[in-house]
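This report refers to the structure that appears directly beneath it.
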Amino acid sequence: MDKVTQSAAEAVHDIADHASLAVGGFGLSGVPAVLIEAVRARGVRGLSVVSNNCGVDGEGLGLLLAEGRISRVTGSYIGENKEFARQYLGGELEVELVPQGTLAERLRAGGCGIPAFYTPAGVGTQVADGGLPWRYARDGSVAVRSPAKEVRVFGGRDHVLEHGITTDFALVRAARGDRHGNLVFSKAARNFNPLAAMAGRVTVAEVEELLEPGALDPDSVHVPGVFVQRVVPLTPEQAGAKRMEKRTVRA
């Protein structure tokens, strides 16, 4: 039951080329930066990543992206990463854009063993009708387009079929966790982390504070340990290294 590993490198040792990863975080909030760096150090390539966004230039998943380690991204926002846009428009990266709420539910559904569900989000758009450019060719033409999706009527309203997402691995960051893998997240850093944790077949959690079993109030647990296979305790320096995407100050 003790899921604590000795290092981030040990925790990601079996992530290989062409693996799929669900990664928590929103912008740079709640991003598993230590685990991402460990994956980067492994030198793996051809990764398929599912995450709300792909970090920013030089931070988070942006580090893997800049080195050409990622071949496909399923996400909902790309506006803060110029390298992401360059690779996508240049035909180097395949991108499946998903409405943000739909992405969250696809991860949750996959984690719960639900293969698919219907939602009104995207009806009447290319999300449902198909034709979104997933990958461009080098000459700027569209090489791969999204397929059309099934649409059914429920309660007199159209709904589009979306599939649940599962991945080979999930990388998440929690404020607190115990040796059994029970996790608690802090405020906005919670974001996509619980959903990503559920979707991974092997979920690795870096935790800012490691606690002994029984120290967490069961009612406060956001992700139960059944979803988590490995726990990486962070050093105080690693736990305190929280980068801001956009710093704003008052006059």
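The values are calculated or read from the model by the stated rules, or taken from the named source; none is laboratory data. Predicted model, so just to flag it, every value in this text is computed and none were measured. No Cβ is skipped: glycine too gets one built from the backbone with ideal geometry, and neighbour counts run over all protein chains shown. For the accessible areas, the whole protein counts, side chains as well, though only heavy atoms, and no ligand, DNA or RNA atoms are used. Shrake-Rupley method; radii C 1.70, N 1.55, O 1.52, S 1.80 Å.
Of K149/K187; K149/K246; K82/K242; K187/K246, which ones are farther than 25 Å apart at the Cα? The answer is K149/K187; K149/K246. Per-residue ellipticity at 222 nm computed for the chain from its helices equals -5500 deg cm²/dmol, with DSSP H segments shorter than 4 residues left out and the rest contributing -39,500 (n - 2.57). Overall shape: oblate for the range 92-155, with the ratio a/c of the largest to smallest alpha carbon gyration tensor axis at 1.5 or above and b/c at least equal to a/b.
Derived scalar couplings between HN and Hα for the range 95-101 equal 10, 9, 7, 10, x, 4, x Hz in order, rounded to whole Hz, by the Karplus curve 6.51 cos²θ - 1.76 cosθ + 1.60 (θ = phi - 60°), x for Gly and Pro. The accessible surface of the range 204-247, taken with every protein chain in place and a 1.4 Å probe, is 51 percent carbon and sulfur. For the range 6-18, the Karplus equation 6.51 cos²θ - 1.76 cosθ + 1.60, evaluated at θ = phi - 60°, returns couplings of 6, 7, 5, 4, 5, 5, 10, 4, 9, 6, 10, 3, 6 Hz by residue, with Gly and Pro reported as x. Compute the Cα gyration tensor for the range 1-156, then decide on rounded, prolate or oblate, letting a ≥ b ≥ c be the square roots of its eigenvalues: rounded whenever a/c is under 1.5, prolate when a/b is larger than b/c in the other cases, and oblate in all that remain. Since a/c reaches 1.5 but b/c is at least a/b, the shape of the range 1-156 is classed as oblate.
When DSSP beta bridges are restricted to pairs lying wholly in the chain, around 35% turn out antiparallel.
For the pair E92 and V221, label points projected 7 Å from Cα toward Cβ lie 4.3 nm apart.
Under 5 Å from the amide H of V142 lie the amide H atoms of A137, each residue being 5 or more positions distant or on a separate chain, with H modelled from the backbone and absent for Pro and chain starts.
Which angle from 0 to 90°, rounded to the nearest 10, does the C-alpha axis of helix 33-42 make with the longest principal axis of the chain? Approximately 80 degrees, to the nearest 10. Computed 3J(HN,Hα) for the range 73-82, one whole-Hz value per residue from the Karplus formula 6.51 cos²θ - 1.76 cosθ + 1.60 where θ = phi - 60°, is 10, 10, x, 10, 8, 10, x, 9, 10, 5, glycine and proline marked x.
Surface exposure of the chain, expressed per residue as accessible area with a 1.4 Å probe, stands at 47 Å².
For A22, the residues whose modelled amide H falls within less than 5 Å of its own, excluding neighbours fewer than 5 places apart on the same chain, are V50, F169, A170, L171.
Summing Cβ point charges (Lys, Arg +1; Asp, Glu -1) relative to the Cα centre of the chain gives a dipole of roughly 440 debye.
Between the listed residues V12, V31, G200, the Cα displaced farthest toward the positive end of the dipole of the chain, a dipole computed from Cβ unit charges relative to the Cα centre, is found at V31. Would you please classify the overall shape of the range 55-100 from the alpha carbon gyration tensor, given that a ≥ b ≥ c denote the square roots of the eigenvalues, rounded means a/c under 1.5, and beyond that prolate means a/b larger than b/c while oblate covers the rest? It comes out oblate by the Cα gyration axes.
Accessible area of F169 (1.4 Å probe, protein heavy atoms only, ligands and nucleic acids ignored): about 20 Å².
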